[in-house]
Amino acid sequence: MRITGIKTIMIAAGLMLAGLGNAAHAQDTAPGVQVGNETVTAAASLPDPTLNPDGSQKMGESADIGHPIDARFGLQQQVTDTGIEAHNFHNYILMPIITAITLFVLVLLLWVVFRYRAARNPEPSKTSHNTFIEVVWTVVPVLILVFIAVPSIRLLAHQYKPAPDNAITLKAIGSQWYWSYEYPDNGDIQFTSNMLKEKNEVTGGQRFRTDQDGPRLLAVDNRVVLPVGRPIRLITTATDVIHSWAMPAFWMKLDAIPGRLNEKTFTIDKPGLYFGQCSELCGARHAFMPIVVEAVPEAEFAQWVRAKGGTMPEDKNAPSTAAPAQPAADTVDATATPAGGMGVAAPAGNTVDATTEAVGTTQPATGN
C-alpha cells in the first residue's frame, strides 16, 4: 500500500510538470493564445507616426496654408486639382467679368444722371423703344453666360468624377455637435473627433488645446489622417440633422444628410495640416464642429493605419500573423454577460479607436 501511494504521488507530479512544460511551449509558439486565465500578447503595438512619444502631435499648422490667416484677403491656397481649377476659374474668369460689368453699370448710371438731368433736358424725351439697344442688352448677357458656363460645367464634372479603384474611402458622420470617422477599406478604423477646449475651460486631467494642435476653435482631439497623392473617396452622412463637411483648402463642401450617403472625390497634392468646419447651420453649437485633416506621405499613412489596428489593401496578400482560433471560440457561453448587460448599454457607432485612448480627450462628445 505504501509503495502504491508513492507511485501515485510520483505519477501525479510527472503529469503536473508535463502540463507546465506544455503551457510554456504554447506560450513560446502561439503568441496571443489564451493560456489558463492569462492572455499572452503577440507583440507591442506599432507606434503612431503622427504622435510624439509623449502623445503630443508631431505636425503643427503651417504659416501660410491650410487655415484662415489674419488680414488675408481672398481664397485659401488650394492643394487639390479641382481646387486649383476652381481657384483659377474664380480669379481669372469670374472676377474680371464681375469687375467689368460692375464698372460698366456704374459709368452708365453716372452718365445718365449727368446727361439727362432736368437742367439739361427741360423737355424729357418720349422715346420708348430702341431696337439696337434691346438686341444688345439681350445678346451680350447670353454670350457672357455661355462663356462662363463652359468652364463651370467642366469644373462640376471634375468634382463629381467617380473615384478610381485605388481610392481610400473616408466616411464622415455628422452629429450634434461632433464628427465621427470610419475607414471601411482599411479594417474599419473608427473614431470620434471633438473640438479641444482652452486650458482655462477644462478641469484637471482633461486635455486642452496647445499651439501644436492648431488655432483656437479649430483644433480637435483626433485628426483625420489621409495620404498625399492618392485619390480620396469622401462619403458623408449624419445621425440627426443636416451637417456639411467643408475643407476650404480642398475646395470641398459636401452635405451630410441623415439617411443619405453623399460622395465626392479629391486628391491632396501637398503634405500639411488643414482645417475646416461644419458649414451647415445645425443647432446651437454649430460653430464648434471643426475638421482637421493631416495629410502625410503614403508610407506614413500605411504605418498609421497599421498602428490603429487596420490594414492596407496590399496586406491582404501577406501571410496572416493572427493567433489560431481556439476551440468553440465562435460560440457563446450561456453564462456569458451579453453586450449591454449589467445595466451598461452596448456602444452603437461613434466608436473611439482604443489605440488613441492615451491622447484622447475625456470630454463628452456633446459637451463641446
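What follows is calculated from the coordinates using simple rules that are stated; it is not laboratory data. All values reported here derive from a predicted model rather than from experimental measurement. Every residue, glycine among them, receives a Cβ derived from its backbone with ideal geometry; neighbour counts consider all protein chains shown.
Sorting Met312, Met252, Met195 on the 10 Å Cβ count, fewest up front, what's the list?
Met312, Met252, Met195
Treat every Asp and Glu Cβ in segment 101-180 as -1 and every Lys and Arg Cβ as +1, leave all other atoms uncharged, and give the resulting dipole magnitude about the Cα centre to the nearest 20 debye.
Details: 7 positive and 3 negative charges, 39 e Å.
Taking the Cα centre of segment 101-180 as origin, the dipole is about 180 debye.
Please report the equivalent ellipsoid semi-axes of segment 255-317, computed as sqrt(5 x eigenvalue) of the Cα gyration tensor, largest first, in whole Å.
With the √(5λ) rule applied to segment 255-317, the semi-axes are 29, 16, 12 Å.
Looking at Val140, Val79, His158, which one has the Cα that reaches farthest to the positive end of the dipole of segment 74-187 (charges on Cβ: Lys, Arg +1; Asp, Glu -1)?
Val140
In debye, nearest 20: dipole of segment 212-286 around its Cα centre with unit charges on the Cβ of K, R (+) and D, E (-)?
160
How big is segment 60-215 by the Kirkwood estimate over distinct Cα pairs, in Å?
About 22.4 Å for segment 60-215.
Which of the three applies to segment 60-148, rounded, prolate or oblate, going by the alpha-carbon gyration tensor with a ≥ b ≥ c and a/c under 1.5 meaning rounded?
Judged from the Cα gyration tensor, segment 60-148 comes out oblate (a/c at least 1.5, b/c at or above a/b).
Taking the number of other C-beta atoms within 10 Å as the exposure measure, put Trp177, Trp137 in order starting with the fewest.
By the 10 Å Cβ count, ascending: Trp137, Trp177.
Based only on other Cβ atoms within 10 Å, what is the fewest-to-most ordering of Arg233, Arg117, Arg285?
By the 10 Å Cβ count, ascending: Arg117, Arg285, Arg233.
For segment 194-238 and segment 49-106, what is the separation of their Cα centres, given in Å?
Going from one Cα centre to the other spans 20 Å.
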